[in-house]
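Let me begin by presenting the structure, written as structure tokens, before commenting on it.
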Amino acid sequence: MLPYFGRMSAVMVVAALVIIAFAAALSPARAVVPGDQIPTLAPLVKETSPAVVNIATSGMVEEERNPLFNDPFFRRFFGEGPSEPRQRQNQSVGSGVIINAVKGYILTNSHVVAKADEIIVTLTDKRRLKAELIGHDPGTDVAVLKVEPGNLVSIPMADSDYVEVGDFVIAIGNPFGLGQSVSSGIVSALGRTGLGIESYENFIQTDASINPGNSGGALVNLKGKLVGINTAIIAPGGGNIGIGFAIPINMARQIMDQIIEHGEVRRGRIGVQIQDLTPELAEEFSVRQDDGALVTQVMPDSPAAAAELNAGDVIISVNDKEVHSGADLRTFIGLLRVGSRVKLRVVRDGLEIGITLEVGEIKEVQAASGSDVPKLKGAAFGTIPQSSPFYGRVKGVYVVSVVADSPAWQSGLRDQDVITSVNRKPVTNPGELMAASSQAGGSLLLNIIRGDGSLFILIR
């Protein structure tokens, strides 16, 4: 065994080698060695940080009615409670990245700005600019803002398809509203899906510290190029534990382009129902368990039907991107432009074949209205759309819209609610909702999923 000082020398040699390797990873233009062999990221930070902005939002949000007021016993002693939903001022902070300095476009997260009545962007030079929300997409958590251009700095975008596990990255943002901060780390994993954070997931995982307020900030490689938009962390204890997620910039750019062009995202579809493979099913269909998405149904008059996809086919790639799960397939297809051609690799009866088809558009159709049920008048219902965070996670009926001051509104129904049961009977589509509501002779007891919780609404 080495003596203490010998062990210390060995440790110092290893540390020196790590530092030298890290310095070598930096491009010559950004690796600065002041004085004596000390690498620094300062030039990189100085170059990129002016493009990362702080975002402060304010707006009125509706407070949920206490579900106890839906209990007749409770109302007997404490009254009916407030007849109109109460509103309160909500303020939040986040981060954003200037993508186009000439036109003043800024990328951020949808959850940072979705409920804002006013958005103020603060630059590193302390300028405060009022921002316009061009559009946002809850399904991917991407939003686009616009400010008045003038002496802005943008970050060039990398091709995130070439990001690799082990790449050095830095995260720049506004954690906890403290002001701009920088952290560093590596790319820990790629293509993270199935986390239940967003409807469409394909995250870059990093151990660079990402904290509340970093949302919408930049994940930058050592060439000073943007590889992702920081969006979420796993924090069981409320703090950072080294597991953060960023939206790949290629994915964010696709969403941004559609928002700028159309003001919304037009989702692609091919018209199939799918499921993940179990070990038993994988063996039956002659594929690996993590190799593809199993087609369970092909919709009539859909692009898949026109291309002669069949139930029992296993889709293993989309445009040469490997498909490992149903979530992968939904994300890849959902991000494609409507009308574009897509190349699928499919395993059918143990043989691999190629199929090309044209991507159609998801129609989130308003399937029924509450006009035939007086207690639900003013509300429109449909199936749970893919843009909803509840898509694929729960079964129920989606509240497409509710007219203000209508009977449905006064009963407590709100846009984007999901009704899972009527008088304790499960409902999975608008037809079942209408039938169950019409058959109810008296009160309607609706079980509602809203936001992060659930409640009962009793309609007399």
### Message
Checking ILE259 against (1) at pLDDT 85 or above; (2) buried (at least 17 other Cβ atoms within 10 Å of the Cβ); (3) under 23 Å from TYR391 (Cβ atoms); (4) not assigned by TED's automatic domain parsing to the domain that holds GLY104: exactly one of these is not met. Which one?
### Response
(4)
### Message
Suppose we filter the stretch 413-434 for residues that are touching a residue at least 12 places away in the same chain (Cβ under 8 Å) and either assigned to a strand (DSSP E or B) or of a type in the set (Ser, Thr, Tyr) (or both); how many remain?
### Response
7
### Query
out of contact with any Cys (no Cβ under 6 Å at 6 or more places or on another chain), buried (at least 18 other Cβ atoms within 10 Å of the Cβ), of a type in the set (Gly, Ala, Ser) and assigned to a strand (DSSP E or B), is that true of ALA282?
no
### Task
Residue by residue through the stretch 219-253, note down the ones that are modelled with pLDDT of 90 or more and more than 16 Å from PRO156 (Cβ to Cβ).
ASN230, PHE245, ALA246, ILE247, MET251
### Task
Would you mind finding the one in SER188, SER183, SER215 that is out of contact with any Pro (no Cβ under 6 Å at 6 or more places or on another chain), free of Cβ contacts under 8 Å to residues at least 60 places away in the same chain and within 25 Å of SER154 (Cβ to Cβ)?
SER183
### Message
Please verify whether ILE155 is modelled with pLDDT of 90 or more, within 19 Å of the chain's Cα centre (by Cα) and closer than 22 Å to ASP257 by Cβ, treating the condition exactly as stated.
### Response
no
### Task
Could you grab me the full set of residues in the stretch 305-321 that are outside any loop (DSSP other than H, G, I, E, B) and either free of Cβ contacts under 8 Å to residues at least 24 places away in the same chain or in contact with a Lys or Arg (Cβ under 9 Å, 6 or more places away or on another chain) (or both)?
VAL314, ILE315, ILE316, SER317, VAL318, LYS321
### Query
Residues of the stretch 285-301 being within 18 Å of ARG345 (Cα to Cα) and not in a strand (DSSP E or B), which ones?
PHE285, SER286, VAL287, ARG288, GLN289, ASP290, ASP291, GLY292
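Rundown of residues vs (1) of a type in the set (A, V, I, L, M, F, W, C); (2) part of a loop (DSSP other than H, G, I, E, B); (3) buried (at least 16 other Cβ atoms within 10 Å of the Cβ), yes/no style:
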position	(1), (2), (3)
SER183	no, no, yes
ALA232	yes, no, yes
ALA252	yes, no, yes
GLN273	no, no, no
### Message
Quick check on the stretch 435-457. Is at least one of its residues among the basic types (Lys, Arg), part of a strand (DSSP E or B) and in contact with a helix residue (DSSP H, G or I) (Cβ under 9 Å, 6 or more places away or on another chain)?
### Response
no
### Task
Check whether at least one residue in the stretch 275-295 is hydrophobic (A, V, I, L, M, F, W, C) and free of Cβ contacts under 8 Å to residues at least 12 places away in the same chain, and report yes or no.
yes
### Task
Those residues that are in contact with a Gly (Cβ under 6 Å, 6 or more places away or on another chain) and at pLDDT 90 or above, I need them from the stretch 313-336; list them, please.
VAL314, ILE315, ILE316
### Query
Out of all the residues in the stretch 164-176, is one or more crowded, with 20+ Cβ neighbours inside 10 Å and free of Cβ contacts under 8 Å to residues at least 40 places away in the same chain?
yes
### Query
Are there any pairs, at least 6 apart or on different chains, whose C-beta atoms fall under 8 Å, with the first in the stretch 389-406 and under 16 Å from THR140 (Cβ atoms) and the second among the hydrophobic types (A, V, I, L, M, F, W, C), and if so, which?
PHE390/ILE384; PHE390/VAL418; PHE390/ILE449; TYR391/ILE384
### Task
Scan the stretch 196-210 for residues that are assigned to a loop (DSSP other than H, G, I, E, B) and either modelled with pLDDT of 75 or more or surrounded by 24 or more Cβ atoms within 10 Å (Cβ to Cβ) (or both) and report the count.
9
#### Entry: Flag if ASP291 is over 25 Å from HIS136 (Cα atoms), of a type in the set (Asp, Glu) and within 22 Å of the chain's Cα centre (by Cα)
no
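The values are calculated or read from the model by the stated rules, or taken from the named source; none is laboratory data. Remember, it's a predicted structure, so these values are computed and weren't measured experimentally. When we count neighbours, we look across all protein chains shown, and the Cβ atoms used for this are built from the backbone with ideal geometry, even at glycine.
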